[in-house]
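The values are calculated or read from the model by the stated rules, or taken from the named source; none is laboratory data. On a predicted model such as this, the values are computed, not experimentally measured, just so you know. When we count neighbours, we look across all protein chains shown, and the Cβ atoms used for this are built from the backbone with ideal geometry, even at glycine. Remember, those area values only see protein heavy atoms, side chains included, never the ligands or the DNA or RNA. Shrake-Rupley method; radii C 1.70, N 1.55, O 1.52, S 1.80 Å.
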Amino acid sequence: MQMQLSSILTVGRKAVAGCALALGLFTASASIPVAHSAEPLRIGYSDWPGWVAWQVAIEKGWLKEAGIDAKFEWFDYSASMDAFSAGKLDAVTCTNGDALVMGGNGAKNVMIMLTDYSNGNDIIVGKPGVKTLADLKGKKVGLEVGLVEHLLLINGLAKLGLKETDVTLVNAKTNETPQVLASGDVSAIGAWQPIAGQAMKGAAGAKPLYSSADEPGLIYDVVAVSPASLSGRRAEWIKFVGVWDKVVAYIQDPKTQPDAVAIMAAKVGIDAPTFTRFLKGTKLLTLAEGAKVMKEADGFGSLYGSSRYADAFNVKYEVYKTAQDVKSYIDPALTDGK
């Protein structure tokens, strides 16, 4: 049974920490060897536009044309990370923060490429009358503590010279934030689409105060591979990465975009106009664009800087205990065919 896009976003597509407990259960088995070279590469993917984009390559036969024997396995997002952590997959699509969550709980991995970054699908929504993020000083904000909207709020407040302690956090499940906002008990909520949109519909006059579009690179989406598979089958992974530009070009070309959207929308079981709307909140990255991001630097323009930020957040909120060596999680050479 296919997951609806709204469902998968609701259960935690953008969780920096949401799967920590579940992933911890698989720590003991995380080192199980993955597929031998005679078997297809097993890749877990789920219902985020930047990942379901691979469906275009699958249906067009581009992977086979490139000489890649790959088996994409469709999952609920959290289940895909559980499967990877149990050693059942060679690779999984996830956020850079969640790659660290898996590794911090025993399932080491290497990010070999970027697919996209969130470009507006994660939002802090203010109730009617709240016009700016600065208006939240001394007010209550409802969101799931430890998830990426929490990270997003802290980022926005910091830009204004405010601290987390300048607001009062009300821990609320993301799928319940529309009701929380409508109740008037909080001045704002944090949610990802489509829940953020539902919150605005349920509270006439509510508006976005801050979104992931205001901090490009806060949330990167990647393909993370097990170290064993990357070491033993590097040539295959290089070919795999090389297919990505063809996918991005097909999705972005006005002539072929309708077909691409039809393929992706059909996979997730929603209509094309709705999928197109979510696609706009996702900035797909070509390999050249990804290569620029995969250079060591501080700040959100670098996968390294963004991941260090997520790592500090994860440790602070006890998603895992020990800070991770971010450099060990990133291999930028594959985007250059090496």
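Look at Ser37 and say whether it is modelled with pLDDT under 85, within 15 Å of Trp237 (Cβ to Cβ) and either within 16 Å of the chain's Cα centre (by Cα) or surrounded by fewer than 16 Cβ atoms within 10 Å (Cβ to Cβ) (or both). Criteria met by Ser37. Taken over segment 171-201, the criterion of being in contact (Cβ under 8 Å) with a residue 24 or more places away in the chain and either open to solvent by 50 Å² or more (accessible area, probe 1.4 Å) or at positive phi (or both) is satisfied by Asn171, Lys173, Asn175, Gly184, Asp185. Scanning segment 127-146 for residues being within 16 Å of Val180 (Cβ to Cβ) and in contact with a Phe, Trp or Tyr (Cβ under 9 Å, 6 or more places away or on another chain) gives a total of 1.
In segment 57-82, the qualifying residues are those that are more than 17 Å from Val241 (Cα to Cα) and small (Gly, Ala, Ser), and the one that is surrounded by the most Cβ atoms within 10 Å (Cβ to Cβ) is Ser80. Residues that are surrounded by 18 or more Cβ atoms within 10 Å (Cβ to Cβ) and touching a Gly at 6+ places or on another chain (Cβ under 7 Å) within segment 151-170 comprise Leu152, Leu153, listed in sequence order.
Against the test of being assigned to a loop (DSSP other than H, G, I, E, B) and among the β-branched types (Val, Ile, Thr), the options Ile251, Ile238, Ile270 yield a single qualifying residue, Ile270. Count of segment 126-152 residues, restricted to those that are more than 23 Å from Asp221 (Cα to Cα), in a strand (DSSP E or B) and either among the hydrophobic types (A, V, I, L, M, F, W, C) or touching a His at 6+ places or on another chain (Cβ under 6 Å) (or both), is 1. Here segment 262-291 is the region considered, the condition is being of a type in the set (Val, Ile, Thr) and touching a helix residue (DSSP H, G or I) at 6+ places or on another chain (Cβ under 7 Å), and the residue that is nearest to Thr95 (Cα to Cα) is Thr282.
Whether any residue in segment 220-231 is of a type in the set (Asp, Glu) and either open to solvent by 20 Å² or more (accessible area, probe 1.4 Å) or in a helix (DSSP H, G or I) (or both) is what I want to check. Within segment 220-231, not a single residue is of a type in the set (Asp, Glu) and either open to solvent by 20 Å² or more (accessible area, probe 1.4 Å) or in a helix (DSSP H, G or I) (or both).
Only one of the numbered conditions (1) open to solvent by less than 10 Å² (accessible area, probe 1.4 Å); (2) at pLDDT 95 or above; (3) over 24 Å from Gly202 (Cβ atoms); (4) out of contact with any Asp or Glu (no Cβ under 9 Å at 6 or more places or on another chain) is violated by Val125, and that is (3).
Scanning segment 211-229 finds one or more residues that are closer than 20 Å to Gly281 by Cα, touching a Gly at 6+ places or on another chain (Cβ under 8 Å) and hydrophobic (A, V, I, L, M, F, W, C).
In segment 207-222, the count of residues that are farther than 27 Å from Thr115 by Cα and β-branched (Val, Ile, Thr) is zero.
You will find that of Val92, Val110, Val101, the residue that is modelled with pLDDT under 95, under 18 Å from Tyr220 (Cα atoms) and not hydroxyl-bearing (Ser, Thr, Tyr) is Val101 and no other. Kindly indicate whether Tyr45 is surrounded by 24 or more Cβ atoms within 10 Å (Cβ to Cβ) and touching a Pro at 6+ places or on another chain (Cβ under 7 Å). Here the answer is no, as Tyr45 does not meet what is asked.
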